[in-house]
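To start, the structure itself, in structure tokens.
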Amino acid sequence: MRVHIAATAAAVVVLTSAASAAAAPTLVAVGEVAPGGRLEVRATGLKEPFRVQERRGDAWVDRGPVVYGTGKPSRFRAPDRVGRLRLRARGGDGVATPSRDVRVRPLTLAAVGDINLGDGPGAAIERFGAAYPWTSVGPRLKAADLAFGNLECAVSNRGVQQDKTFTFRGRPSSLTALARLSGLDVLNLANNHSGDFGTTALLDTLRGIRANGMQPVGAGSNESQAYRAVVVERLGLKVAFVGFDAIEPFAFRAVGGRPGNAWAFPSRVRSSVRAAAAQADVVIATFHWGIERVFTENASQRALAQTAFAAGATAVIGAHPHVLQPIRRPRPGRLVAYSLGNFVFTPRSAGTERTGILTLKLGAGRVLGDAFAPARIVGSRPILRG
């Protein structure tokens, strides 16, 4: 949900001493941080040096470094637990600021499956308006701290239709409405339809996503950009996304300076996830994989998921089969959703109308919990149950 984007990953807390003549004691803060998230605390009106302290039981315990200099921050990690964090700052003369509470809660990531703005959904948008796909699910997605989906089409008025059985293309106005109404922050393009109208349309799609305040992953204007992680900051956590395609056309892959998507070579999965893990607290690896209309994962999917986890992925999210596949938890703190099925799509066989929103609760380096809100596709748009 883009309204929560901040300039820094750190949750900022400003503690003001009662001794300050400039203003009454106040706290200026986001008020929330994820377990293990970065906190940046500033104090004013204190005798240098000062130090931030955390209340533990009946005692105040020092946190973060000793700070010299008015307005300089103290930076440290929040506890790796959910609850209340009570903080104060204590100056060199023993004078302390009033205490303030920071809520420690999981970061919520909402994830959905295939989104097609052309074909059947495109016709419905033409008839009922660009808001049509999002009337039921938009509020739920916007309620999450972050939202992610697989954009299964090109979005452009240009390009040359490729020689393949199904080609999907949406209007730029539909992407603008998606950005405004869906709550989605990151869109995967590592799939077998992002190149349906050639590299010109792919580049338009990349530009359109960014111009509407979202981030594309899994494709780029060259090979390096296609495999590069997208890092988004929320609640003091850096969340990295990487995307990989394992479904032909193989010709859609980015090579050298040619635009395209990131192919799921195990060696590239390994190196991309490792690079993402080196710069983020949570890594979400997404794959376009599996067999259409098959309700369980295959050995190839399991192997790629294991490669991603071994390289440092926190969660793996899959798409392409057009049906829901199992959500599995291979070990504590890790989760793989092998396929989230269709989302904004036209169902064409039994089971392809079943969909939903997967919500992950995240702390630094681990999945703390998950829930799945089921939905059904009616008229090419998802409708939540209940």
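The values are calculated or read from the model by the stated rules, or taken from the named source; none is laboratory data. From a predicted model like this one, the values you see are computed outputs, not experimental measurements. Here the Cβ positions follow ideal geometry from the backbone for every residue, glycine too, while neighbour counts run over all protein chains shown.
If you check Pro326 against the conditions, is it crowded, with 18+ Cβ neighbours inside 10 Å, at pLDDT 95 or above and more than 18 Å from Arg366 (Cα to Cα)?
So Pro326 fails the test.
Would you be able to tell me the number of residues in the range 234-259 that are more than 14 Å from Leu206 (Cβ to Cβ) and assigned to a loop (DSSP other than H, G, I, E, B)?
Count: 8.
Going through Arg302, Arg348 one at a time, which residue ends up being outside any strand (DSSP E or B), at pLDDT below 95 and in the same structural domain as Ala219 (by TED's automatic domain parsing)?
Arg348
Please note which strands (runs of 3 or more DSSP E) are completely contained in the range 73-143 and include at least 3 residues that are of a type outside the set (Lys, Arg), farther than 13 Å from Gln53 by Cα and under 22 Å from the mean Cα position of the chain (by Cα).
Those strands (runs of 3 or more DSSP E) span 107-115.
Within the set of pairs 6 or more residues apart or between chains, which connect a residue that is touching a residue at least 60 places away in the same chain (Cβ under 8 Å) inside the range 222-240 to a residue that is polar (S, T, N, Q) and in a strand (DSSP E or B) with Cβ atoms less than 7 Å apart?
Listed by first residue and then by second, the contacts come to Val232/Gln215.
Against the definition (within 25 Å of Cys153 (Cβ to Cβ), assigned by TED's automatic domain parsing to the domain that holds Ala246 and modelled with pLDDT of 95 or more), how does Ile317 come out, yes or no?
yes
Count, please, the residues in the range 95-121 that happen to be of a type in the set (Gly, Ala, Ser), in contact with a Ser or Thr (Cβ under 7 Å, 6 or more places away or on another chain) and more than 16 Å from Gly149 (Cβ to Cβ).
1
In the range 268-312, how many are in contact with a strand residue (DSSP E or B) (Cβ under 8 Å, 6 or more places away or on another chain) and surrounded by fewer than 14 Cβ atoms within 10 Å (Cβ to Cβ)?
Adding up the residues that qualify gives 1.
Within the group Val231, Val269, which residue is among the β-branched types (Val, Ile, Thr) and in a strand (DSSP E or B)?
Testing whether each residue is among the β-branched types (Val, Ile, Thr) and in a strand (DSSP E or B) leaves just Val231.
Looking for whichever is polar (S, T, N, Q) and part of a strand (DSSP E or B) here; the options are Asn150, Asn192. Which one fits?
So the residue among Asn150, Asn192 that is polar (S, T, N, Q) and part of a strand (DSSP E or B) is Asn150.
Which one of these does Ser224 not meet: (1) hydroxyl-bearing (Ser, Thr, Tyr); (2) within 20 Å of the chain's Cα centre (by Cα); (3) under 28 Å from Pro172 (Cβ atoms)?
(2)
Scan the range 242-263 for residues that are surrounded by fewer than 24 Cβ atoms within 10 Å (Cβ to Cβ) and hydrophobic (A, V, I, L, M, F, W, C) and jot them down.
Ala246, Ile247, Phe250, Ala251, Val255, Trp263
When you go through Val66, Val52 one by one, which is the residue that is surrounded by 14 or more Cβ atoms within 10 Å (Cβ to Cβ), assigned to a strand (DSSP E or B) and among the β-branched types (Val, Ile, Thr)?
Just a single option satisfies the conditions, and that option is Val52.
Within 19 Å of Phe166 (Cα to Cα), outside any helix (DSSP H, G or I), at pLDDT 95 or above and out of contact with any strand residue (DSSP E or B) (no Cβ under 9 Å at 6 or more places or on another chain): does that describe Arg331?
No.
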